[in-house]
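Data first, discussion second: the structure below is written as structure tokens.
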Amino acid sequence: TIPVTCKNFIQILAWQGSINWDNSKFAFQSIGTPITELTGIQFANSVSGSTGQVGFTWAQASLLPQTIPDNSVLFSITLNVVSGATGTSDILFASTPTQLILSSASGSTISNVIYRKGTLSFPGATLAPEFILGSIYDVNTSTITVPVTTKYFTQLLACQGSINWDNTKLSFQSVSTPITQLNGMLFNATVNGTTGRLSFLWTDNNLQPQTILDNVVLFTITYNVLGGNSGLSNISFTNVPTTLITSNASGNAIENTVYTNNVITFSGDLCFGGSTTVTSSI
């Protein structure tokens, strides 16, 4: 069962599109009950060659735009796994058979929507670990707190790297105590010109590989918001000043680790989505 979630779903009037997958590995079974805000959404499933497809169409019946909290499950799709399937397979948003369109409160099409695919893993396949910086939008407070979360953090022994931001818009205040599995993680905050930087360094104290559940917050970073800001500010994983490295249970670097960056959106500027994903090449 695959959840379909959202971020920055703010004052949306209508949404439609398709979700596709490899029908040689999965067969459609059912759609879960959609979230209340999407009451009336219609689904139609079909198969085109080896591609399984679900089309969906929703328009708010009373023409009242809807806002949905971040990370809410909009609906879920249950697929039957075809016997003998191996490896990994993508499940992704597509414009076939139903075109992807999202409409704002005024009924205008939103052009910068981000659709993020999922990956399904079969027995024997290991997914690359992912580290994710949370997005913050419509900032109108003196401080903000950005969560650093993870996915596929399975039997890892060490990780290190840097997080950078625009120090003309945000100044470092503090970093929280990390999750128990990362006991002993060290941090160092510095500034280089207009760039704020936070380095992190962790190796398990007992050299015992750790596994952390998906979407768990590893630690948070709190910033002071400098007055008068507008527009966007990137917050990104980088190799400066500390190189990004993640090590598996054997102590070897995992070369396909995924680092998902994000943006801070200040008051008056609305951004739907905004994340970017970078795969390290160490």
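The values are calculated or read from the model by the stated rules, or taken from the named source; none is laboratory data. Note that the coordinates shown come from a computational prediction; the quantities given were computed from them, not determined experimentally. Cβ placement follows ideal geometry from the backbone for every residue including glycine, while neighbour counts extend to all protein chains displayed. When the accessible area is computed, the model is the full protein with side chains, heavy atoms only, and any ligands, DNA or RNA have been set aside. Shrake-Rupley method; radii C 1.70, N 1.55, O 1.52, S 1.80 Å.
At a glance:
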{"read-out": "Matching strands (runs of 3 or more DSSP E) fully within region 225-271 where at least 2 residues are touching a residue at least 60 places away in the same chain (Cβ under 8 Å) and closer than 12 Å to K169 by Cβ", "value": "232-238, 258-266"}
{"read-out": "Subset of region 230-252 (residues that are under 20 Å from T211 (Cβ atoms), at pLDDT 95 or above and among the small types (G, A, S))", "value": "S247"}
{"read-out": "Filter pass, S89 being surrounded by fewer than 16 Cβ atoms within 10 Å (Cβ to Cβ) and touching a Leu at 6+ places or on another chain (Cβ under 8 Å)", "value": "no"}
{"read-out": "Matching residues, region 122-144, being open to solvent by 50 Å² or more (accessible area, probe 1.4 Å) and of a type in the set (D, E)", "value": "D138"}
{"read-out": "Residue in region 210-218 that is closer than 29 Å to L157 by Cα and more than 21 Å from the chain's Cα centre (by Cα) present", "value": "yes"}
{"read-out": "Conditions (1) exposed (fewer than 15 other Cβ atoms within 10 Å of the Cβ); (2) more than 28 Å from N239 (Cβ to Cβ); (3) modelled with pLDDT of 90 or more; number of the one not met by V113", "value": "(1)"}
{"read-out": "So L201, is it of a type in the set (A, V, I, L, M, F, W, C), open to solvent by 20 Å² or more (accessible area, probe 1.4 Å), part of a loop (DSSP other than H, G, I, E, B) and farther than 30 Å from I10 by Cα", "value": "no"}
{"read-out": "Residue in region 32-49 that is nearest to I91 (Cα to Cα), counting only those that are among the hydroxyl-bearing types (S, T, Y), in contact (Cβ under 8 Å) with a residue 12 or more places away in the chain and open to solvent by 70 Å² or more (accessible area, probe 1.4 Å)", "value": "T33"}
{"read-out": "Test set (1) in contact with a Ser or Thr (Cβ under 7 Å, 6 or more places away or on another chain); (2) modelled with pLDDT under 95; (3) surrounded by 13 or more Cβ atoms within 10 Å (Cβ to Cβ) - T57 fails condition number", "value": "(2)"}
{"read-out": "Selection within region 162-187 - polar (S, T, N, Q), in contact (Cβ under 8 Å) with a residue 40 or more places away in the chain and open to solvent by 20 Å² or more (accessible area, probe 1.4 Å)", "value": "N164, T168, S171, Q173, S174, S176, T177"}
{"read-out": "Count - residues of region 131-148 that are in a strand (DSSP E or B) and either within 17 Å of the chain's Cα centre (by Cα) or among the aromatic types (F, W, Y) (or both)", "value": "9"}
{"read-out": "Members of region 145-161 that are surrounded by fewer than 20 Cβ atoms within 10 Å (Cβ to Cβ) and either more than 26 Å from Q210 (Cα to Cα) or not β-branched (V, I, T) (or both)", "value": "P147, K151, Y152, Q155, L157, A158, Q160"}
{"read-out": "For A125: the one exception among (1) modelled with pLDDT under 90; (2) at positive phi", "value": "(2)"}
{"read-out": "Answer from T119, T98, T67 - the residue that is part of a strand (DSSP E or B), open to solvent by 30 Å² or more (accessible area, probe 1.4 Å), modelled with pLDDT of 95 or more and of a type in the set (S, T, Y)", "value": "T67"}
